[in-house]
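Below is one structure; the comments refer to it alone.
The values are calculated or read from the model by the stated rules, or taken from the named source; none is laboratory data. Computed from a predicted model, the values in this text were never measured in an experiment. When we count neighbours, we look across all protein chains shown, and the Cβ atoms used for this are built from the backbone with ideal geometry, even at glycine. Areas reflect the complete protein model, heavy atoms only, side chains present, ligands, DNA and RNA absent. Shrake-Rupley method; radii C 1.70, N 1.55, O 1.52, S 1.80 Å.
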Amino acid sequence: MRADRAALERFTGWAAAQTGDRLRILFTPWGEGLVRSWYRRTLVELSRLPHVERVAIQTNLSCRTDWLAEADRESVGLWCTYHPGQTPYERFLGKCRDLADRGVRFSVGVVGLPEHREDARRLREALPPHVYLWVNAAEGHAYTDAEADGWTELDPSSRTAGTRTARRGCPAGPGSRWCRWTAGDGAALPLRQGRTGEPVRRFVPFRPASPRLSLAVCDCHIGYVHLETLPLYDVFAGGVLERVPAAVPPARPAGGA
């Protein structure tokens with residue numbers, strides 16, 4: 001925990017000093033970051049910097065939400081995932097309602113497994129209409145057409161059949177020219193490449209030479225949102241990091257067309 005805190009503070013110091021750039025930062029911690037005071041404080045601090053256009057984090061909402069009163073709601077965002085068994089349903093829903101009442105930008109999602117279907121339906125019915133509920137394809141799960149159609153009733157933008165998989169060399173949109181995944185020790189690598197490649201730079205402006213995805217395979221929104229073959233920059237205009245679309249697609253009733 002001490003090492004993680006020191007790494008986060010080092011990154012925050014670097015980001016604060018980049019006043020000549022416009023930054024958009026997404027934290028994807030290995031674990032729940034917002035239960036730690038230093039992650040909450042970091043999001044507040046970064047949200048208030050004029051050159052940080054957006055700062056967001058992935059969370060299961062097992063954390064407090066009152067700290068958001070100190071953040072700039074124009075630039076902070078939350079990517080919230082409901083994992084049955086990690087956070088009680090009513091508690092998770094209560095946190096979502098609190099975020100909506102506070103005017104915080106956030107999206108809510110589930111993994112498209114059969115055992116999550118009922119909870120996903122309950123969430124969609126209970127969430128305010130302006131809150132986007134997304135569905136992620138479950139890793140290693142093969143979907144029949146009927147199953148995929150069932151999930152698109154909840155999230156018309158979902159592609160649970162796997163059609164959004166990106167592979168190395170796929171042409172990526174202009175935003176990906178600035179994309180880097182940064183580890184706690186400061187190693188900056190092509191997006192989500194992990195430790196399979198050599199560090200590119202350490203806490204300096206990131207300017208990759210080629211606007212193409214460097215991963216062998218990426219079926220995560222963080223990666224495929226940049227594909228030129230998908231119009232997702234338009235769909236998520238202004239909300240790519242927190243996965244908030246410009247206009248929330250209406251959910252279809254069961255059996256609807």
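Structure summary
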{"item": "Simple Cβ-charge dipole of segment 29-80, Lys/Arg +1 and Asp/Glu -1, about Cα centre, in debye nearest 20", "result": "120 debye"}
{"item": "Positive-end residue, segment 54-93 charge dipole about Cα centroid, Cβ charges, pick of 59, 86, 71", "result": "86"}
{"item": "Net charge, residue 9 excluded, C-beta distance under 14 Å - Lys, Arg +1, Asp, Glu -1", "result": "+3"}
{"item": "Amide H contacts of residue 27 (H built 1.01 Å from N, under 5 Å, at least 5 apart or other chain)", "result": "56, 57, 58"}
{"item": "In sequence order, calculated HN-Hα J values of segment 142-149 (Karplus, 6.51, -1.76, 1.60; Hz; x Gly/Pro)", "result": "8, 9, 6, 4, 5, 5, 4, 4"}
{"item": "Cβ charges +1 (Lys, Arg) and -1 (Asp, Glu), total dipole of segment 13-117, debye", "result": "20 debye"}
{"item": "Sites residue 147 and residue 62, calculated FRET efficiency, Cβ-Cβ separation with R0 41 Å, nearest 0.05", "result": "0.90"}
{"item": "Heavy atoms of residue 51: accessible area, 1.4 Å probe, square angstrom to 10", "result": "10 Å²"}
{"item": "Calculated FRET value between residue 185 and residue 102, using beta carbons and R₀ = 25 Å, to 0.05", "result": "0.15"}
{"item": "Simple label model, 7 Å out from Cα along Cβ direction - residue 115 to residue 16, nm", "result": "4.4 nm"}
